[in-house]
Amino acid sequence: MENPWKNLGKENNEYIAECDKYFFNNKYYLNLFKNDYELKLNVMPGPYTGDLLNARVYLLALNPGYDENDVLFTNNYKNKIIDNLLHIFDDYPFMILNPQYKESAGAKWWLNKLSHLINNFGLENVANKVCNIEYFPYHSKKYKHLNLKLPSQEYSFSFVKKAIIENKKIIIMRSEKIWYNAIPELENYENKYVLNSSQNVIISPKNLGIEMIYYFFYDEFYK
């Protein structure tokens, strides 16, 4: 499947995949996202991060959140964000974990959620062997689910399906039913786990259990 983000550009101060523009040109569609659910299209989309082909553990979330500093991050690191969308990596494929971004809102969020793994397995190890795929690629303060999928989402879903075929380990951070609806084979997939808390989605022994931490991470990181 062709990467929908390869020609991503800024038009009218918005970053929208070409294949999605039909929906965003529909005012009815956009009017469904109001207040905290408003889509922040002046920030580059974040459908995924990490080495989706070679990662060992896949974290499935809903959509990238929004902080006012995200606009500055987009402006300062646009080329690096594009590299991530095109699967071009440096030493930190999970891009936001690169120490040079540690003061950004996204880095602070992920460093908190992955703190147990980073403390036990090392930052570079986590950045290389863990990846994140968002259900919906565009930023908003809060996520609003509609029974409508954008064409660009199918590209992200294709990596989840490939991970299932290759028997990779998958952790659903939030809203498993939404993911099951999008990818039915995920529901009965044996090599997946749903976090105990969907409110505080930190990857920790409390949220996974000691045995699952070992199974999902220690077993993979030291192969």
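The values are calculated or read from the model by the stated rules, or taken from the named source; none is laboratory data. These figures come from a predicted structure and were not determined experimentally. Virtual Cβ from ideal backbone geometry, glycine too; neighbours counted across all protein chains shown.
Observations on the model:
- Filtering segment 41-69 to residues that are of a type in the set (A, V, I, L, M) and part of a loop (DSSP other than H, G, I, E, B) leaves Leu41, Val43, Met44, Leu52, Leu53, Ala55, Leu62.
- Of all the listed residues (Leu72, Leu30), the sole one being touching a helix residue (DSSP H, G or I) at 6+ places or on another chain (Cβ under 8 Å), in a helix (DSSP H, G or I) and surrounded by fewer than 17 Cβ atoms within 10 Å (Cβ to Cβ) is Leu30.
- Residue in segment 156-174 that is closer than 29 Å to Phe24 by Cα, of a type in the set (S, T, N, Q), out of contact with any Asp or Glu (no Cβ under 9 Å at 6 or more places or on another chain) and part of a loop (DSSP other than H, G, I, E, B) present: no
- Residue in segment 79-90 that is under 27 Å from Glu14 (Cα atoms) and either touching a Gly at 6+ places or on another chain (Cβ under 7 Å) or among the hydroxyl-bearing types (Ser, Thr, Tyr) (or both) present: no
- Residues in segment 150-198 that are acidic (Asp, Glu) and within 17 Å of the chain's Cα centre (by Cα): Glu154, Glu176.
- Test for Leu86: is it of a type in the set (A, V, I, L, M, F, W, C), modelled with pLDDT of 95 or more and surrounded by fewer than 17 Cβ atoms within 10 Å (Cβ to Cβ): yes
Here's the yes/no breakdown for (1) within 30 Å of Asn35 (Cα to Cα); (2) out of contact with any strand residue (DSSP E or B) (no Cβ under 9 Å at 6 or more places or on another chain); (3) of a type in the set (A, V, I, L, M):
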{"site": "Ser156", "(1), (2), (3)": "yes, no, no"}
{"site": "Trp179", "(1), (2), (3)": "yes, no, no"}
{"site": "Leu195", "(1), (2), (3)": "yes, no, yes"}
{"site": "Ile202", "(1), (2), (3)": "yes, yes, yes"}
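- In this structure, Ile96 does satisfy being part of a helix (DSSP H, G or I), buried (at least 20 other Cβ atoms within 10 Å of the Cβ) and at negative phi.
- Taken residue by residue, segment 133-144 has at least one member that is among the acidic types (Asp, Glu) and in contact with a Pro (Cβ under 9 Å, 6 or more places away or on another chain).
- Among residues of segment 178-211, those that are part of a helix (DSSP H, G or I) and either hydrophobic (A, V, I, L, M, F, W, C) or modelled with pLDDT of 95 or more (or both), counted: 10
- Number of the condition not met by Trp110 [criteria: (1) under 13 Å from the mean Cα position of the chain (by Cα); (2) closer than 24 Å to Glu190 by Cα]: (2)
- Residue pairs whose Cβ atoms lie under 7 Å apart, separated by 6 or more positions or on different chains, with the first residue in segment 1-24 and surrounded by 16 or more Cβ atoms within 10 Å (Cβ to Cβ) and the second in a loop (DSSP other than H, G, I, E, B) and aromatic (Phe, Trp, Tyr), are Ala17/Trp5.
- Phe216 being aromatic (Phe, Trp, Tyr) and under 25 Å from His139 (Cα atoms): no
- Residues of segment 99-143 satisfying the condition of being touching a residue at least 60 places away in the same chain (Cβ under 8 Å), buried (at least 16 other Cβ atoms within 10 Å of the Cβ) and in a loop (DSSP other than H, G, I, E, B): Leu114, Tyr135, Phe136, Pro137, Tyr138, His139, Ser140, Tyr143
- Residues of segment 58-68 satisfying the condition of being more than 11 Å from the chain's Cα centre (by Cα) and either modelled with pLDDT of 95 or more or surrounded by fewer than 15 Cβ atoms within 10 Å (Cβ to Cβ) (or both): Glu68
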